[in-house]
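First up is the structure itself, then whatever we jot down about it.
The values are calculated or read from the model by the stated rules, or taken from the named source; none is laboratory data. As the structure is a computational prediction, the values presented were derived from the model and not from experiment. Neighbour counts run over all protein chains shown; Cβ positions are idealised from the backbone, glycine included. The accessibility values were calculated without ligands, DNA or RNA, using every heavy atom of the protein model including side chains. Shrake-Rupley method; radii C 1.70, N 1.55, O 1.52, S 1.80 Å.
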Amino acid sequence: MHLEIRQTKDGSNTLYVPELNEHYHSVHGALQESQHVFIKHGLEHVLNLRKDIKILEVGFGTGLNAILTYPFALAQKAFIQYDTLEKFPLEMKVVEQLQFDKVILNPELHDAFLELHKAPWNEPVDVIPYFTLQKIHETLEEFVPPRAYYDLIYFDAFAPEKQPELWSDKMFDKLFQATRPGGVLVTYCAKGSFKRSLKAAGYEVEALPGPPGKREMTRGFKPVE
């Protein structure tokens, strides 16, 4: 798949897929989107409730969400198990061209960012004492998650019109079953059909202000039984 490096409005880079006419992140700011949607309204919310959390990410992609999560484990001594799905891993030459460490991240995280991408697949790796990464070389359709297991789900798939198979009722039923009571799913998407699928699966749905360039984002809660 041909990929092009594109700079977004906050100075951070993203990837563009010509054959899908789709970007990996918001063109209004890759860093701002990830920080707002997945870190502020996902990770920080859950860390206010507990310090031992299990995360499932749908779409490892550039590794941006993972490397933004990593410092929280260090700073708060929060034990994070980070499982991430990716069927089409990026080549290292593409990863290096993103230059996240120079443009948007602390240079001290440069080696850590590369290590996330170099980590072996389908086995847990203790990246640091508080952060365990497991990259799973499967699609969401193939993945069989543990029941009532994850505290937080980063749903970061391509847009519904680009990957409709990942936005089906069946997939959100699967994710709901994988979410522990009180757990959270966050995503940049705010489409009505998507919210209806979340509600049909059993999530309580909350509309939140979106990142720059987007009016809303969505957070779903699994009720505590």
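Summarising the amide proton neighbourhood of residue 131: residues at separation of 5 or more, or on other chains, whose placed amide H is nearer than 5 Å comprise 80. Protein heavy-atom accessible surface, 1.4 Å probe, per residue over the range 22-88: 35 Å².
Proximity of backbone amide H atoms, modeled 1.01 Å from N, is registered between residue 179 and 148, 149, 150 at under 5 Å, excluding neighbours fewer than 5 places apart on the same chain. Evaluated over the range 1-103, the count of Lys pairs having alpha-carbon atoms less than 25 Å apart is 11 (only pairs 8 or more residues apart or interchain).
With the convex hull drawn around the C-alpha atoms of the range 29-222, the volume per residue stands at 112 Å³. Residues in the range 155-161 carry Karplus couplings, in order, of 9, 10, 6, 4, 4, x, 6 Hz; the curve used is 6.51 cos²θ - 1.76 cosθ + 1.60 with θ = phi - 60°, and Gly or Pro positions show x. Of the solvent-accessible surface of the chain, computed with a 1.4 Å probe over protein heavy atoms with every protein chain present, carbon and sulfur atoms account for 49 percent. Across the range 136-147, computed HN-Hα scalar couplings (Karplus, 6.51 cos²θ - 1.76 cosθ + 1.60, θ = phi - 60°) run 10, 7, 8, 7, 4, 4, 7, 5, 10, x, x, 7 Hz from first to last residue, x flagging Gly and Pro.
Here each label is just a point 7 Å from Cα along the line to Cβ, and for residue 20 and residue 91 those points are 1.8 nm apart. The dipole here belongs to the chain: it is taken about the Cα centre, uses +1 on the Cβ of Lys and Arg and -1 on the Cβ of Asp and Glu, and is about 680 debye. Taking the helices alone, the chain has a mean residue ellipticity at 222 nm of -7500 deg cm²/dmol, built from -39,500 (n - 2.57) per DSSP H run of at least 4 residues and averaged over all its residues.
Taking the charge dipole of the range 29-222 about its Cα centre, with +1 at Lys and Arg Cβ atoms and -1 at Asp and Glu Cβ atoms, the residue from 78, 172, 119 reaching farthest to the positive side is 172.
Residues whose amide H comes within less than 5 Å of that of residue 136, counting only those at least five positions distant or on another chain, are 84, 85, 86, 122 (H built at 1.01 Å from N in the peptide plane). Each label point was placed 7 Å from the Cα along the Cα-to-Cβ direction; for residue 7 and residue 204 their separation is 4.5 nm. What you get for the range 1-115, charging only the Cβ of Lys and Arg (+1) and of Asp and Glu (-1), is a dipole of about 380 debye around the Cα centre. Remark: the range 174-225 carries a charge dipole of roughly 200 debye about the Cα centre, counting +1 on each Lys and Arg Cβ and -1 on each Asp and Glu Cβ.
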